[in-house]
Structure formats: structure tokens, C-alpha cells
Amino acid sequence: MNPTPFIERRHRVLSQIGRDGIAVLFAAPGQRRSNDTEFPYRQDSYFHYLTGFGEPGAVLILDGATQKSILFCRDKDELDEIWNGFRYGPEAAQEAFGFDEAQSNSRWPHYLSQALLNKKTLYALWGLYPERDREVMEKWHNVQQSAGRRIQVNSHAPENLADLAALLDPMRLVKDEYEIGLIKKAGEISALAHIRAMQKTRAGVGELQIEAEILYEFMRHGARFPSYNSIVAGGKNACCLHYVANQDMLRDGDLLLIDAGAEYGFYAGDITRTFPVNGRFSAAQKDVYEIVLAANEAVIAAVKPGADWGGIHLLALRILVRGLTDLGLLQGTVDGNIESQAYQRFYMHGLGHWIGLDVHDVGKRWQNGKPLLLQPGMCTTVEPGLYIAAADDIPEAFRNIGIRIEDNILVTADGCENYTALAPKKVADIEDVMHG
Ligand code: GLY
Ligand code: MN
Ligand code: MN
């Protein structure tokens, strides 16, 4: 691992918190799955962002006064390492990850107590791990009490408790070169898995088998985990937005909606493709598909620095609502259906979200009631969809059609790059892959 991007990020935080600030953050706790087995460990995204250090039980303190970063981590332990694998220990961790100092994790409370004295602001990710809040607050309280008893006039504990996320989220929102390399790789692996799924799909195959093909493709390209639970939704299951049961058989004549993405080097991919189980779209399926595709493509064409997501959202909405109105699925005018939000019956989710270390990544989309303007280095999904659940007033041919087409887009200096474009989405291209 190259520690340089992580060291640079710590420097940026240290310079922002200043000489009278201190920040503390914690590694993710392990999660028990059942009895004595655990879920696979995944480091907290913020902690990873500032350290690259993948072990549980670690604490990072950024001390503004000394402008130093101090890692507290598990000590070496021969017996535990026989059972549970390698751990760095403070000495090797300091060297490998470029910390100014590293100590045993039993020492962080003592260190924090000392370092809190005479600071003005204590930054933490309050609420993220509430049991850690309690420990930090206890230390702060003790320092505040003892500082009040000291003779020195200037002896005090921080009077401000500040949100470290307010500082880190804008940093995470704009990806650096190192991150862009990883996120593009996550997008590429995710796209390859969608291609494989298209190739393996036919009537009589189970949704679960297709999920297995997707996970296989992720893992064989070095992605250890999916970045969220894969949605493999045949027919009516596609009208359930978070369908992850993946237990049904695929049927001739149905569509299959797959929303699946690989996590690579901690960065998420998040692609949705929708295609016919038998490899050929029916006329009604194609009609709806072309509307969603038009919205997806128009939005991607509009993504560039300075663009406003509010306007882009409206652009997609107009295409979707015009399509629904032209098909007779909505009555009245496009403007009327937008005004009344009648479209919500068929399009009930957002157009996209930031993507990065988390699939739904941090960072504001709106500030003071206004949309944030796009800028180079931001990564967003673009994911219009239409979901037509069966109902008496829906013509037979349109019932149970659920379609979403989702790509991952990097805003560049002069426009954008769709780095998940490798996954086919034009009708002819999908049919080629499935029949190829
Ligand atoms: N896969 C989650 C989403 O599309 O937002
Ligand atoms: Mn998404
Ligand atoms: Mn998705």
C-alpha cells in the first residue's frame, strides 16, 4: 500500500483543525454473525480514508498542537495471530502507514486526556459509534474538571465539540487521483459481472445462480465483497426496489433487473442493468426501456462542472413523465403530472447519489435549499427507472415491468466520464451479448 495519499489527507485535516484543535476517530468494531463467528471485517470508511489501516481496535488522534498523527493499534500477539492472522503492531504500523507516532491501543485514553488540555475544539464523528462517544465524553469531562482545579490561568478543556464529518465529507466528495484509479476499477469489475450475468441468463435459471455468477466475477477480479447486497429481480420482483431475496426462478417473457456492484480497494461500484430473460424485448418492454434509457443518456450528457443537479433531475423527470404520458400510463399533461407528482406511482426514488468509499457516499447534495454545483472529481450515480406494478388499470402488456438503468459518472474538467459504460445498455447491444 502506498501511504502517501493517506498522509496527505491527514495533513489537510491537521491544517484545518489548527493548533488549538484535536480530532479523534475510531476503527469499525467487529460484528458478530452468530455464536462465535463474525461477519467479514470491513474498516470504517472515514478511518480508512485517513489511515489505510485495516485492523479493528484502532484509534487515530490528530493533534493540532504538534500537527502530528498518532495511531493506537493492537499489540503483536503470537497466539492470536496463529488463530486469526497477521496484525501489524504499533512499530510496523507506524512505518508502513507513515504515522508520526504509534502506540498500543490501550494507551489512547491516557493520550487523549493529556492532549485535550488547552485545546479549544474537539472534533469527532459523534454518533457513529455511540459507545465510543461515551468514552470520549468521559475523558473530556475529567479533563474539564481537573483543568478547573489547576492554578494556571490558561488551563482548560475544549469548549467546542465539533463534527469531524463536516470537515471530512467535503474532502471525500471530491476524489483524488488515487481514488479515481480505484473507483474506476470497481466500475469496470462491476460492468464485467453484468456482462457475465447477461451471458448466463435464461429461463429456468434461478436468481440466486445469477447472483453467484456476479459474485464469482467480482472475486476473480480481486473484489473481495459486493458494495451492497445484490438485487437480482426477475419479473414482478423488479417492482420491489430493495429486493435482495433472490430466490425465484427466471421466467420466459419476463425482464431481469440486476443492481449489483463490486467493492474494490474500498471503493464502490453500483450498476443496474435490465434485460429480457429470453434475450428479446417484447414491444411493451422495449417501449418502457427506451424511455428510461433516454433519461439515463440525457442526464449523462448534461453532467459537467457547474451543472446543477436540480436542473438535471428535472430534465430526467420530463423525459420519464413524457414517456409515461405518451404510453397512456399517465393521463393529462406532462406539466400537470409533474406538478401533481402523479409519476410517483411509477418513479419513486432519486435520480442518483454520490458514490465513493460508501455506495451511498457522504457529502451534501443540497446546501441552504440550493443544489450543490458539480465539480471535477465528484462521482455520482445516474439511475432513472420506471416500475409498473400489476393493477387493474394497467394494460396487460405493461404489468410487472420494472426497469432501472444505472451508471457511475466521474465529473471531469470538461464534462464527464461514464466509467461503467462497458456494461451494455442499448437494446441491440444487450441482445448481442445475450445471443453472442
Ligand atoms: N444499489 C443501491 C442504489 O442503487 O442506490
Ligand atoms: Mn445507486
Ligand atoms: Mn444500484
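The values are calculated or read from the model by the stated rules, or taken from the named source; none is laboratory data. As the structure is a computational prediction, the values presented were derived from the model and not from experiment. Positions of Cβ are backbone-derived with ideal geometry, glycine not excepted, and every protein chain shown enters the neighbour counts. Ligands, DNA and RNA are excluded from the accessible area calculation, which covers all protein heavy atoms including side chains. Shrake-Rupley method; radii C 1.70, N 1.55, O 1.52, S 1.80 Å.
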Percent RCO, i.e. relative contact order, over segment 275-325, from Cα pairs under 8 Å lying at least 6 residues apart = 41 percent
The local net charge around TYR243, scoring Lys/Arg +1 and Asp/Glu -1 for residues other than TYR243 whose Cβ lies under 12 Å from its Cβ, equals -2
One finds, for TRP366 and GLU81 with R0 = 51 angstrom and r their Cβ-Cβ distance, a FRET efficiency to the nearest 0.05 of 0.60
By the C-alpha gyration tensor axes a ≥ b ≥ c (rounded if a/c is under 1.5, else prolate when a/b exceeds b/c, else oblate), the shape of the chain is prolate
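What is the sum of charges, Lys and Arg at +1 and Asp and Glu at -1, for the other residues whose Cβ falls under 11 Å from the Cβ of PRO226?
Computed value for this residue: -4.
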Can you list which of the GluC sites (Glu not before Pro) found in segment 141-199 are DSSP loop residues with at most 10 other C-beta atoms within 10 Å?
-> GLU159
Contact order normalised by residue count of segment 294-436, Cα under 8 Å, 6+ apart, percent | 25 percent
Kirkwood Rh and Cα Rg combined as Rg/Rh, segment 81-134 = 1.06
Which cross-chain or sequence-distant (5 or more) residues have an amide H under 5 Å from the amide H of SER227, H modelled 1.01 Å from N in plane?
-> GLY261, ALA262, GLU263, GLY269
Mean-position separation - Cα centroids, segment 379-401 and segment 237-292, in angstrom | 12 Å
On Cα atoms only, tilt of 130-149 relative to the major axis of the chain in degrees | 30 degrees
Please report, in cubic angstrom per residue, the volume enclosed by the convex hull of the alpha-carbon atoms of segment 167-214.
-> 91 Å³
In degrees rounded to 10, the 0-90 angle between helix 283-302 Cα long axis and the longest Cα principal axis of the chain is 40 degrees
Cα axis of helix 309-326 to longest principal axis of the chain: angle in degrees, 0 to 90, nearest 10?
-> 20 degrees
Between ARG150 and SER113, what length in nm is gained on full extension when 0.36 nm per residue of separation is reduced by their alpha carbon distance?
-> 11.8 nm
Once you treat every alpha carbon in segment 73-214 as an equal point and sum by Debye, what is log10 I(q)/I(0) at q = 0.13, 0.21, 0.22 Å⁻¹?
-> -0.92, -1.21, -1.24
Which net charge results for the neighbourhood of GLU263, defined as the other residues with beta-carbon distances under 11 angstrom from its beta-carbon, given Lys and Arg at +1 and Asp and Glu at -1?
-> +1
From the Cα gyration tensor of segment 251-381, with a ≥ b ≥ c the square roots of its eigenvalues, which class applies: rounded if a/c is under 1.5, or else prolate if a/b is larger than b/c, or else oblate?
-> oblate
Segment GLU339-ALA65, extension gain: residue separation times 0.36 nm, minus the distance between their alpha carbons | 93.2 nm
The chain, relative contact order in percent, only Cα pairs under 8 angstrom and at least six apart counted = 13 percent
Of LYS236/LYS425; LYS184/LYS370; LYS200/LYS364; LYS185/LYS304; LYS200/LYS236; LYS364/LYS425, pairs whose Cα-Cα distance is over 31 Å | LYS200/LYS364
Filter the chymotrypsin sites (Phe, Trp or Tyr not before Pro) in segment 1-42 to those in DSSP coil with at most 14 other Cβ atoms within 10 Å of their Cβ, and list the result.
-> TYR41
Segment 315-409 shape via C-alpha gyration tensor axes, a/c threshold 1.5 = prolate
Whichever lysines have a C-alpha closer than 19 Å to that of LYS119, once near sequence neighbours (fewer than 8 apart) are set aside = LYS68, LYS139
Taking a probe of 1.4 angstrom, what is the accessible area of MET348 in Å², to the nearest 10?
-> 80 Å²
